[in-house]
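The values are calculated or read from the model by the stated rules, or taken from the named source; none is laboratory data. Please read these numbers as outputs of a predicted model, since none were measured by experiment. Keep in mind that these areas ignore ligands, DNA and RNA; they rest on the heavy atoms of the full protein, side chains included. Shrake-Rupley method; radii C 1.70, N 1.55, O 1.52, S 1.80 Å.
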Amino acid sequence: MGTLLDRLGIAVRTGHHCAQPLMDRLGVSGTVRASFALYNTKEEVDLLVAGIRRVSKMF
């Protein structure tokens, strides 16, 4: 998902996010997360949501 979102111009973080033992226990191989800050706009959030919807249809 991270690579596909990146190709759409949407930056996200992928990996274990300091939770590898828990993820191993839950059988989760990786995660994707978005980072938000005060400077993000509604349009950027809308693009993220649209990108996630688009990519999730592939799985």
Counting pairs of alpha carbon atoms under 8 Å apart in space and at least six apart in sequence, what relative contact order in percent does the chain give? 39 percent
Surface accessible to a 1.4 Å probe, per residue, for the residues of the chain, Å²: 84 Å²
Accessible surface ranking that places the most exposed of Leu4, Leu47 first, with a 1.4 angstrom probe: Leu47, Leu4
Sort Phe59, Phe36 by heavy-atom solvent-accessible area, probe 1.4 angstrom, most to least. Phe59, Phe36
Convex hull projection area averaged over all views, the chain, Cα basis, nm²: 4.7 nm²
Expressed as an acute angle from 0 to 90° and rounded to the nearest 10, what is the orientation of the C-alpha long axis of helix 42-56 relative to the principal long axis of the chain? 50 degrees
For the chain, what % of the accessible area comes from carbon and sulfur atoms, probe 1.4 Å? 57 percent
